[in-house]
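A short worksheet on the structure shown next.
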Amino acid sequence: MGIRRIFLSMSLMLGIASPALADNARDWQNTPIDLNMVFGYYNRIDTNTPIDTTLPIDGLSLNADLYLFRYARSFAIDGRNSAIQLIQPYADVSASFDDARFFDGTKHNGGMGDTQVVFAHNFFGGPALTAEEFAKWTPETFMSGALWVTLPNGDYDKDRVINIGANRWVVKPEIAFGHPIGPTWLEINGYVSLYGDNDDYLGDSKLEQKPLYAVEGHYSYSVNRALWVSFDATYSTGGETRVDGVDQDNKQSNTLLGASLGFMLSPQFGGLVAYTDTVSERTGSPDVNTWTLRLQYVW
């Protein structure tokens, strides 16, 4: 049981430089301390939103192959489990407009995305345990918090309509709650994205954005020691933008539904397959569907 739990719950959070991707089920569950975790992600995204931002562009159709490398390290602070992680995206995108307002045909772009640094800490239900202690521990109701910081260091050209980087800081505080019910888990996460300004938006314009609020839920079931499935939902609202002081009337309100499958191939190696799709959105909100494949190794 201890080895199974180490594998299935070894990731604490998932941060990705795209509004299409939220946390996955069981991302917040407890792990042993002094654990190193390496993740590789491949995401196939179809959206009306540039990959670097939560700002939809009317008439845009974008397909992206998004790759992420993530490293995380767990440790103890005051008897509770904590973690620090680094996330580096790389994306290859193709985009077209239905009315040729910005360009004709299809444009391609690829490059490094904005780096994310995340600090997470458990408030209750996630004690700091060695691997030996963790093997004897029974999971319990937990609440954890995190602070995400996105650096404006990705590839960006102010004269491009489609960029990989966002050229602005983003800070995202998050709270996650989880409760076990037999072989199932009920998890609820809430977060708010706070955006800095982009002073080189589409040339020399200034882009401002109001906070974007989101809540997501996951209901997952352990099929056996090596397999679990989950039903996932996310709702987000807010995020209206202003360009050169002019409101864009694009407050977001959208709902995504999805499912995921987590698996283990060994006590140290496993992965996840997930799909999400926008089922309801206000005009001006992202319309996104995403396939995700994640592989991970711990030591």
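The values are calculated or read from the model by the stated rules, or taken from the named source; none is laboratory data. Everything quoted here is computed from the prediction, not taken from an experiment. Glycine gets a Cβ as well: all are built from the backbone with ideal geometry, and neighbour counts include every protein chain shown.
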- Item | Residue satisfying all of: in the range 82-97; surrounded by fewer than 22 Cβ atoms within 10 Å (Cβ to Cβ) and either closer than 22 Å to Asp27 by Cα or among the aromatic types (Phe, Trp, Tyr) (or both); farthest from the chain's Cα centre (by Cα) among these | Phe97
- Item | Filtered residues of the range 195-214 (kept if loosely packed, with under 15 Cβ neighbours inside 10 Å and either at pLDDT 95 or above or in a strand (DSSP E or B) (or both)) | Asp197, Asp199, Ser205, Lys206, Pro211
- Consider Phe134 carefully, then state whether it is farther than 17 Å from Tyr191 by Cα, among the hydrophobic types (A, V, I, L, M, F, W, C) and surrounded by fewer than 16 Cβ atoms within 10 Å (Cβ to Cβ). no
- With respect to the numbered conditions (1) touching a Lys or Arg at 6+ places or on another chain (Cβ under 8 Å); (2) touching a residue at least 40 places away in the same chain (Cβ under 8 Å), which one is the sole condition not fulfilled by Pro286? (1)
- Message: I'm checking my understanding of the structure. Among residues of the range 252-294 that are surrounded by 21 or more Cβ atoms within 10 Å (Cβ to Cβ) and not in a strand (DSSP E or B), which one is farthest from the chain's Cα centre (by Cα)?
- Response: Ser285
- When residues of the range 217-233 are filtered for being modelled with pLDDT under 95 and part of a strand (DSSP E or B), how many remain? 1
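Which one of Gly238, Gly217 is touching a strand residue (DSSP E or B) at 6+ places or on another chain (Cβ under 6 Å) and on the phi > 0 side of the Ramachandran plot? Please lay out each step first, then the result.
On the way: Gly217 fails: on the phi > 0 side of the Ramachandran plot.
Exactly one of Gly238, Gly217 is touching a strand residue (DSSP E or B) at 6+ places or on another chain (Cβ under 6 Å) and on the phi > 0 side of the Ramachandran plot, namely Gly238.
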- Task: Kindly list the number of the only condition in (1) in a loop (DSSP other than H, G, I, E, B); (2) under 24 Å from Pro183 (Cα atoms); (3) among the acidic types (Asp, Glu) that fails for Asp249.
- Result: (2)
